[in-house]
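Working notes, beginning with the structure itself.
Rule-based calculations on the coordinates, nothing more; no lab input. What you see is a predicted model; the values in this text were computed from it and never measured. Methodologically, a virtual Cβ is constructed for each residue, glycine included, from the backbone with ideal geometry; neighbour enumeration extends over all protein chains shown.
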Amino acid sequence: KKKKTMHLTSQQQHKLQDANECASNSCLVMIGCQLLACVIIRHRQTLEDFAQQYYVIAAEIACQRSVQGKRKILRCCGPMVGASELAFRLTVRAFGIDLTWTPMIDADGFTKSYLYRKEMIQFHDNDPTVAQLGGRDRTNIIHAAKLLAQVDQVKAVELNCGCPMRCARKGRYGAFLLNEPDLLCSIVQGMRSALHGKALCAVKIRIYKNDPLRTLNLCRRLTSPQECGAQILTVHGRSVCKEHDADWNIIRQIKTVIPKHVLLIANGDVRSLRQLRLCAAFTACDGVMAARALLKDPESFSVPSDRSLPDSSIRGCALPPFRAALLYLKWVEIVGAPWQCIQRHLTEILERPLRQAPHLRKQFTTLRSNSSSANELESLYKALNALSLTIDSHQQDTTISRTQPPSSSSPVVVSVR
């Protein structure tokens, strides 16, 4: 096919491209007619099936038509409580992540407690970060934003209006602040004024359930320079109830109503590099955020050309989960991390290989219990490196035994009916 395409003239190539687009459009028109027929006969189940099929094909076509390389899509690692510490942020950045978020910082505790402030302000020159604030007290949030704007590595300060947890419901902050849009807009406006251009003003929200117009109006208010003036808007495509899949269609509509200078970051149902590109093409957003996918596999959005692995032993590691775990331990040795975070990350990253090799799970559990202090990280690093080599050789032996023909000395039994 490549050789034939090389001999085509430019006019013939344009005709071929137009024919491909017509074929794609005709496919969408055909499914659209089927959707209309389902609406007429009011067949709900068939309607949902065709709607899902139409949605997937439309996203695929949008992904094919997007010009790769001309539009930079920000790959973002979202905030996670007890998991977005500095060592993990530096780990995912080594695998191609462009922008990271801190765990949610309690604005009340940040302004009142020096110890809490010292614990949460952990940054690195190689990690330009968005600091996320949580709370509903306007005065404390503005004061905390001023303090964070003085840190050079903080490129933006974000108000969290997307947390659906019980503590957020009880304190009426996070996603439950969306029920008070006037207070929300007042807080964002105060943050924008307090930052004085030292850092960007950002907001993360969820959508309203079954109310797209209300969602669009709120996004218009938050990003309007005359009212709030937020410069980064992150939209999680689910409502607080979380009973449905992420709605990329509403994110696509939000992109059309906000100013062009505002960065729109899409969040929800993105677990691989292909889904990231699909989401970016369909929603026309400026960046895509993921959290749980990167927690289990820090290389989810990685391209080999983007990797910057400092250690030759890590670069030579053949198994991706162990490669990420070893790099994480290297950063823990340099910048430190709570042991609870170390235990959680190693358990999440190495869950799949340990499931494939159950006889090694007990050995890994013993390693974790014996290495309960940060002083023994070097021994844990060496043990995990040896463990990766063991699993790699075990997989190679299994592959060889499957492909190796039976020896001539072994008897061959043939059953005849």
Requested in this report: Could you give me the percent of Cα pairs per 10 Å distance bin for region 74-304, shortest bin first, beginning at zero and ending with the bin that holds the maximum distance?
Outcome: 8, 35, 39, 16, 1
Report task. Which order do the peptides 193-206, 75-88 take when ranked by the mean count of other beta-carbon atoms within 10 Å per residue, highest first? Result -> 75-88, 193-206
Query - region 91-166 pair-distance distribution - Cα-Cα, 10 Å bins, rounded % - result: 18, 51, 26, 4
Report task. Work out the FRET efficiency for Arg271 and His196 from their Cβ-Cβ distance, taking R0 = 45 Å, and round it to the nearest 0.05. Result -> 0.70
Report summary line: Listed by chain and number, the residues whose amide H is under 5 Å from that of Leu74, excluding neighbours fewer than 5 places away on the same chain and using placed H, are Gly287, Val288
Report summary line: Stretched fully, the stretch from Lys209 through Lys72 gains (0.36 nm per residue minus C-alpha distance, one decimal, in nm) 46.2 nm
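Please list the equivalent ellipsoid semi-axes of region 96-226, computed as the square roots of five times the alpha-carbon gyration tensor eigenvalues, in descending order and whole angstrom.
24, 17, 15
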**Report entry** Counted charge near Lys112, where neighbours are those whose Cβ lies closer than 12 Å (Asp, Glu -1; Lys, Arg +1)
**Finding:** -2
Query - Relative exposure of Asp125, Asp245, judged by other C-beta atoms within 10 Å (fewest first) - result: Asp125, Asp245
Requested in this report: Subtracting the Cα-Cα distance from 0.36 nm times the residue separation, let me have the gained length for Ala284 to Arg220 in nm, one decimal.
Outcome: 21.3 nm
